[in-house]
1. Among the residues of the range 267-281, count how many are in contact (Cβ under 8 Å) with a residue 40 or more places away in the chain and in a loop (DSSP other than H, G, I, E, B).
2. Which of the residues that make up the range 241-263 are in a loop (DSSP other than H, G, I, E, B), small (G, A, S) and either in contact with a helix residue (DSSP H, G or I) (Cβ under 7 Å, 6 or more places away or on another chain) or in contact (Cβ under 8 Å) with a residue 60 or more places away in the chain (or both)?
3. Tell me, which strands (runs of 3 or more DSSP E) lie completely within the range 88-157 with 2 or more residues that are in contact (Cβ under 8 Å) with a residue 12 or more places away in the chain and charged (D, E, K, R)?
4. Looking only at the range 254-271, decide whether some residue is under 15 Å from F120 (Cα atoms), of a type in the set (D, E, K, R) and surrounded by 17 or more Cβ atoms within 10 Å (Cβ to Cβ).
5. Could you say whether any residue in the range 193-202 is assigned to a strand (DSSP E or B) and over 31 Å from the mean Cα position of the chain (by Cα)?
6. So, in the range 132-147, of the ones that are under 19 Å from G179 (Cα atoms) and of a type outside the set (A, V, I, L, M), which residue ends up most open to solvent (accessible area, probe 1.4 Å)?
7. Under the condition of being more than 19 Å from F120 (Cβ to Cβ) and open to solvent by less than 30 Å² (accessible area, probe 1.4 Å), which residue from the range 212-240 is nearest to the chain's Cα centre (by Cα)?
8. Looking at the range 167-191, which of the residues that are within 18 Å of L136 (Cα to Cα) and assigned to a loop (DSSP other than H, G, I, E, B) is most open to solvent (accessible area, probe 1.4 Å)?
Amino acid sequence: MMSSAQEGRWGTLRLAALILVVTIAMMAVAGCQNPTSSGTGASGPDPEDPGDPDDPDDPTPDPDPEPDPDPDPLPDPEPEPVPSANLRGGIVVNELLPDPTGETNVDTDGNGEAGTTDEFVELYNAGPDTVDISGLELWDPSSGNWFSVPDAALVDPGGTALVVIGVADGGSLPAVPSGSVAFDAGSGRGILNNAGDNLILLDRAAGAYLQLTYNGSAPIDPGTELAADGFPTDANRVDAAADWGSDTDGSSLARNPDGTGDPEPHVDFGAPASPGSLNTP
């Protein structure tokens, strides 16, 4: 039989044990309600709380971050200015072949033989808009008006108009890309003198013309020297006559780059010639 002191100590132990059991039970219930708890007072992130995106110490990612603004795009390169010597807002002479034979040969019509009728003149639209070149006329001091562009001839920006002196039997006009055109002048002999010549492109409707020389020829006055052939005496030349320098036999003289560059022998920067296609693709 326990004394009163023993009974008191035993009651105290039972009360402490009961309190411990209750405490453990309460902690277990709290752990079930908050499974991310790790020790007393520790808790995981609240899934309904997105956190503070402006707080650098808050590890919670921004649920809807603002996209970074696109960097400033590089500016488009400035287009080359249209040469002042042009007709109808952009048409310039781009390439000519006075002598198809030499160390290299240019068989423009593809008939298997390079000859005088493989000579050609190529125009280029250096302007921003499609141009109707109908009615433009090509003139030569010894041949007069040797070709007039037919109706409905449209050249897109960056497109060409190829005029072959004459397509021989078994030959054909070179294929040209969309937005470009090609013509057979129908001559049975060469037009462009190998030793040097003047080439004149007339816009009769506008009373204006372009003129160029090559291989050391001096510019003529077409209003005087070609008046008897029907060249308008009141037509105005656009800028001075352009000196295209000297050609290389079997190679065209061509602008590099197309439309705006200085003329030089095509063989110096590429193939001997590029009738109907870009000089510098």
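The values are calculated or read from the model by the stated rules, or taken from the named source; none is laboratory data. Please read these numbers as outputs of a predicted model, since none were measured by experiment. Glycine also receives a Cβ, built like all others from the backbone with ideal geometry; neighbour counts cover every protein chain displayed. Protein only, heavy atoms only, side chains kept; ligands, DNA and RNA dropped before computing areas. Shrake-Rupley method; radii C 1.70, N 1.55, O 1.52, S 1.80 Å.
1. Step one: of the range 267-281, the residues in contact (Cβ under 8 Å) with a residue 40 or more places away in the chain are 267, 272-279.
Filter once more, so that each one left must be in a loop (DSSP other than H, G, I, E, B): 272-279.
Residues in the range 267-281 being in contact (Cβ under 8 Å) with a residue 40 or more places away in the chain and in a loop (DSSP other than H, G, I, E, B): 8 in total.
2. Just the residues of the range 241-263 that are in a loop (DSSP other than H, G, I, E, B), to begin with: 241, 244-252, 257-261.
Then keep just the ones that are small (G, A, S); that gives 241, 245-246, 250-252, 259, 261.
Matches in the range 241-263: G250, S251, S252, G259.
3. On the way: elements: 91-97, 120-125, 137-140, 144-148.
Qualifying strands (runs of 3 or more DSSP E): 137-140.
4. Among the residues of the range 254-271, at least one is under 15 Å from F120 (Cα atoms), of a type in the set (D, E, K, R) and surrounded by 17 or more Cβ atoms within 10 Å (Cβ to Cβ), which makes the answer yes.
5. Step one: of the range 193-202, the residues assigned to a strand (DSSP E or B) are 197-202.
This time we only want the ones that are over 31 Å from the mean Cα position of the chain (by Cα), so: 197-198.
Checked against the condition, which is being assigned to a strand (DSSP E or B) and over 31 Å from the mean Cα position of the chain (by Cα), the range 193-202 yields at least one hit.
6. If we filter the range 132-147 for residues that are under 19 Å from G179 (Cα atoms), which is where we start, we get 132-136.
From what's left, of a type outside the set (A, V, I, L, M): 132, 134-135.
Values: D132: 71, S134: 22, G135: 33 Å².
It comes out as D132.
7. Looking only at the range 212-240, we keep the residues that are more than 19 Å from F120 (Cβ to Cβ), and these are 216, 218-240.
Keeping just the survivors that are open to solvent by less than 30 Å² (accessible area, probe 1.4 Å) gives 220, 222-223, 226, 231-232, 235.
Details: I220: 38, P222: 38, G223: 40, L226: 41, F231: 39, P232: 39, A235: 36 Å.
The residue in question is A235.
8. To start, the set of residues in the range 167-191 that are within 18 Å of L136 (Cα to Cα) comprises 179-187, 191.
Keeping just the survivors that are assigned to a loop (DSSP other than H, G, I, E, B) gives 179-180, 185-187, 191.
Working: G179: 15, S180: 21, A185: 26, G186: 59, S187: 30, I191: 9 Å².
This residue is G186.
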